[in-house]
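Below is one structure; the comments refer to it alone.
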Amino acid sequence: MKGRIACWMVDMLRLGFSLLALLVLLPGPVSAEGDARRIVAVGGAVTEILYALGEEGRIVGVDTTSTFPERALREKPNVGYLRQLSAEGVLALSPDLVILEAGAGPREAVASIAAAGLRVERVPTGHSVAELDEKVRRVAAAVGKAREGEAMAEGLMSAFDRLASDLRDVGPRRRVLFVLSLVDGRPNGAGRDTGADAVIRLAGGENVLADVEGYKALSLEAAVALAPDVILVVSRAGDDALADPLSVPALAATPAGRAGAVIRMDAGYLLGFGPRTPAAVRDLAARLYPDRGLEAAHGR
């Protein structure tokens, strides 16, 4: 009898350990909208919106594109580059909400994160005013701040409207060539359907590569034929390939190059399409049209 009781107790202990192991392996509960306490933000604009909403205390991880505010990468664990995420790195932070900009990847990593039972919110990363409006509202709603997100979005749209009004009679539009990088020594210019094209147009400029979709490496002859009035470049941490754009023959030979008309702005500020975008566009417009008396925002 005692032997049977002992065997029964051993069986119960084994069952208990098995159930405990199963509970450990099962995904945690999916948070309801606004209930998340541990958020991983993937995408610089996502992080920026959360900080602007005062929700940084709930962020437990960010990606490498989260360069603003600058303290984000100092005080939060880094889960890697937006398009090269490690599912294990994200899951190790035990988040109950992951907010991803569209384009986050690789696809397998994103699928693994979703398969773990976490709540995953995907927001647009597009380069239009409408998509920025949607991005702000969706990020805010995901963390239970829909009203605050609505107010933020309306403020951003009003700022765009004010700038459009200020530029209404600007006269001849400045012709702008945006150069992202060098490809085999040739400038890689931005055409339509790019963030650069969007900010140039919002700032009242004319993109000289608007007939091209995406990015295109330009020869000396092609760059000169585009005849830009201004060359626009961006700065990134650790990237000095275009430290002196006018040292590139294809750029130096343009009207902008001969006049020394080069505008340099921070990449995240100008192209991030987050809460600072209206300020960045106004700063660009003020530099394109210095005689207009536009008050620069100086957001970065």
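Annotations for the structure displayed:
- Under the condition of being farther than 14 Å from A41 by Cα and touching a Ser or Thr at 6+ places or on another chain (Cβ under 8 Å), the residues counted in segment 95-111 number 1.
- Segment 272-294 - residue that is surrounded by fewer than 22 Cβ atoms within 10 Å (Cβ to Cβ) and hydrophobic (A, V, I, L, M, F, W, C) and, of those, nearest to the chain's Cα centre (by Cα): A279
- Residues in segment 106-119 that are crowded, with 16+ Cβ neighbours inside 10 Å and not hydrophobic (A, V, I, L, M, F, W, C) were compared, and the one that is nearest to the chain's Cα centre (by Cα) is R119.
- Extreme residue, nearest to R276 (Cα to Cα), among residues of segment 32-47 that are among the aliphatic types (A, V, I, L, M) and not in a strand (DSSP E or B): A45
- Tally, over segment 129-147, of residues that are out of contact with any Asp or Glu (no Cβ under 9 Å at 6 or more places or on another chain) and touching a residue at least 40 places away in the same chain (Cβ under 8 Å): 3
- Flag for E154 being buried (at least 16 other Cβ atoms within 10 Å of the Cβ) and either under 27 Å from V199 (Cβ atoms) or under 16 Å from the mean Cα position of the chain (by Cα) (or both): no
- Test result for K145, in contact with a helix residue (DSSP H, G or I) (Cβ under 7 Å, 6 or more places away or on another chain), among the basic types (K, R) and surrounded by 18 or more Cβ atoms within 10 Å (Cβ to Cβ): no
- Strands (runs of 3 or more DSSP E) contained entirely in segment 141-253, each with at least 1 residues that are assigned by TED's automatic domain parsing to the domain that holds G272 and out of contact with any Gly (no Cβ under 9 Å at 6 or more places or on another chain): 175-183, 186-190, 230-235
- Of note, R282 satisfies the criterion of being within 30 Å of L53 (Cβ to Cβ) and modelled with pLDDT of 95 or more.
- Top-ranked residue in segment 164-183 [being out of contact with any strand residue (DSSP E or B) (no Cβ under 7 Å at 6 or more places or on another chain) and of a type in the set (D, E, K, R); ranked as nearest to A243 (Cα to Cα)]: D166
The values are calculated or read from the model by the stated rules, or taken from the named source; none is laboratory data. What you are looking at is a predicted structure, and each value in this text was computed from that prediction instead of being measured. Because the Cβ atoms are built from the backbone with ideal geometry, glycine has one as well, and the counts that use them run over all protein chains shown.
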